[in-house]
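**Q** The structure's right below; bear with me while I get my questions together.
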Amino acid sequence: MGRIICAGLGPGDPDLMSRRAERAVRGASHVAYFRKKGRKGQARQIVEGMIDEGAIELAMEYPVTTEIPFDSPEYITQLARFYDDWAARLTELARSHDIVVLCEGDPFFYGSFMHLYTRLRGSIEIEVIPGITGMTGCWTATGTPITWGDDVLTVLMGTMPEDEMVTRMAASDALVVMKTGRNLPKVRRALARAGRLDEAWLVERGTMKGERIVRLCETDEADCPYFAIVLVHGQGRRPELPARPLVEVSL
C-alpha cells in the first residue's frame, strides 16, 4: 500500500523549497498537481527540471475557477464533485504507488490540497510536508518586517464583503490580503475607507520571475494581477537602537 505525500513548494522560488520537499519531488514515480485548464500550473512550473523523466504526471484540472461566483451553489457543487473524484482516483493509485501531490505555499494554509486531505484522511496514509507561505515570501521581498512588538496581524481574503474588510482593516495593525485579482478594486476601496490605503503595498509574483512591488495607491484601477498579495506593515513598539559609542581614530 502506498502513501499520499503532499509537498509544500513554498512561495514560488524553487530555492525556497525545503530539502525534504525537493527529495520527495525528485524521487516521485507519480506526481499530481492542480492547474487551470489550458495552463501548465504554477506548482508544476516551480518544480520544472526536478521530476524524473519516467514519472507519471497527473494534472488535476479545476472544472471552474473565476468563471462563476465562488460562493454560488453551482461553483460549490462542481468543486465538491471534482475533489471527490480525485480523492477516489488517488486512493486507487496509492494502492500500489506513492503519489506526490504538489502544493504552492504551505498545504495547510488555504491550499487546495486541504480539500483532498479531508476526504482522504483516515482511509490512507498521508504525509504533509510544510512549506513557506506565499505571504511570507511577499513581505520579505518588501525588505520591511511585517510586524513589530505586540502588533496584531490579520489575514483577509479579497472575496470577503467590503464592509467586513473595512471593519477588520481598521481594527488590525498589520494586514495581508490574499485572493486579490479581480477583487483588487474592492480591496482598494476598503483600505481607503479604513484609512489604510496610503500604507498598502501590492506585491505581484513575490519571489518569482517578474516580481513587482509597488504602492497600491499608485497602481491603476484596472491593474489586477492574479498572483498578488496586498500588505500593510505594522508600526508597533520598537526597541530603540543603542547609541553607537564614538571611536577615536589615530592618524
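**Q** Could you please tell me which pairs satisfy a Cβ distance under 9 Å, a separation of 6+ or placement on different chains, a first residue in the stretch 78-100 that is assigned to a loop (DSSP other than H, G, I, E, B), and a second residue that is open to solvent by 70 Å² or more (accessible area, probe 1.4 Å) and not polar (S, T, N, Q)?
**A** The qualifying pairs are 94/1; 94/125; 95/1; 96/1; 97/56.
**Q** Run residue 124 past the list (1) under 22 Å from residue 24 (Cβ atoms); (2) out of contact with any Ser or Thr (no Cβ under 6 Å at 6 or more places or on another chain); (3) among the β-branched types (Val, Ile, Thr) and report the number of the one that doesn't hold.
**A** Unmet condition: (2).
**Q** Right, here's the next one. From the list 159, 154, pick out the single residue that is out of contact with any strand residue (DSSP E or B) (no Cβ under 8 Å at 6 or more places or on another chain), surrounded by fewer than 19 Cβ atoms within 10 Å (Cβ to Cβ) and among the β-branched types (Val, Ile, Thr).
**A** Numbers: 154 fails: out of contact with any strand residue (DSSP E or B) (no Cβ under 8 Å at 6 or more places or on another chain).
Sole residue among the options that is out of contact with any strand residue (DSSP E or B) (no Cβ under 8 Å at 6 or more places or on another chain), surrounded by fewer than 19 Cβ atoms within 10 Å (Cβ to Cβ) and among the β-branched types (Val, Ile, Thr): 159.
**Q** Separate question: Within the stretch 168-182, which residues are in a helix (DSSP H, G or I), over 17 Å from residue 110 (Cα atoms) and in contact (Cβ under 8 Å) with a residue 24 or more places away in the chain?
**A** 169, 170, 182
**Q** Continuing with the same structure: Of (1) under 21 Å from residue 118 (Cα atoms); (2) among the aliphatic types (A, V, I, L, M); (3) touching a helix residue (DSSP H, G or I) at 6+ places or on another chain (Cβ under 7 Å); (4) assigned to a loop (DSSP other than H, G, I, E, B), residue 51 satisfies all except one. Which?
**A** Unmet condition: (1).
**Q** Right, something else. Are there any pairs, at least 6 apart or on different chains, whose C-beta atoms fall under 8 Å, with the first in the stretch 26-52 and over 16 Å from residue 9 (Cα atoms) and modelled with pLDDT under 95 and the second open to solvent by 10 Å² or more (accessible area, probe 1.4 Å) and of a type in the set (Phe, Trp, Tyr), and if so, which?
**A** Every condition considered, the pairs that remain are 36/62; 37/62.
**Q** Quick one: how many residues across the stretch 134-151 are among the polar types (S, T, N, Q) and surrounded by 16 or more Cβ atoms within 10 Å (Cβ to Cβ)?
**A** 2
**Q** Which condition breaks for residue 23 when tested against (1) out of contact with any strand residue (DSSP E or B) (no Cβ under 7 Å at 6 or more places or on another chain); (2) modelled with pLDDT of 95 or more; (3) open to solvent by less than 50 Å² (accessible area, probe 1.4 Å)?
**A** Here residue 23 clears every test but (3).
**Q** How about the stretch 178-198: which of its residues are at pLDDT 95 or above, surrounded by fewer than 18 Cβ atoms within 10 Å (Cβ to Cβ) and touching a Cys at 6+ places or on another chain (Cβ under 9 Å)?
**A** Correct list: 192, 198.
**Q** A follow-up question, please. Can you name every residue in the stretch 127-161 that is β-branched (Val, Ile, Thr) and part of a strand (DSSP E or B)?
**A** Residues satisfying the conditions are 128, 129, 154, 155.
**Q** Against the definition (open to solvent by 70 Å² or more (accessible area, probe 1.4 Å), touching a residue at least 12 places away in the same chain (Cβ under 8 Å) and not in a loop (DSSP other than H, G, I, E, B)), how does residue 57 come out, yes or no?
**A** Numbers: open to solvent by 70 Å² or more (accessible area, probe 1.4 Å): yes; touching a residue at least 12 places away in the same chain (Cβ under 8 Å): yes; not in a loop (DSSP other than H, G, I, E, B): yes.
It is true that residue 57 is open to solvent by 70 Å² or more (accessible area, probe 1.4 Å), touching a residue at least 12 places away in the same chain (Cβ under 8 Å) and not in a loop (DSSP other than H, G, I, E, B).
Listed here are the residues, each with its yes/no results for (1) open to solvent by 10 Å² or more (accessible area, probe 1.4 Å); (2) within 21 Å of the chain's Cα centre (by Cα).
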| position | (1), (2) |
| --- | --- |
| 3 | yes, no |
| 40 | yes, yes |
| 43 | no, yes |
| 71 | yes, yes |
| 91 | yes, no |
| 119 | yes, no |
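The values are calculated or read from the model by the stated rules, or taken from the named source; none is laboratory data. Note that the structure is a prediction, hence the values are computed from the model and not measured. Virtual Cβ from ideal backbone geometry, glycine too; neighbours counted across all protein chains shown. Side chains included, ligands, DNA and RNA excluded: accessible areas come from the protein's heavy atoms. Shrake-Rupley method; radii C 1.70, N 1.55, O 1.52, S 1.80 Å.
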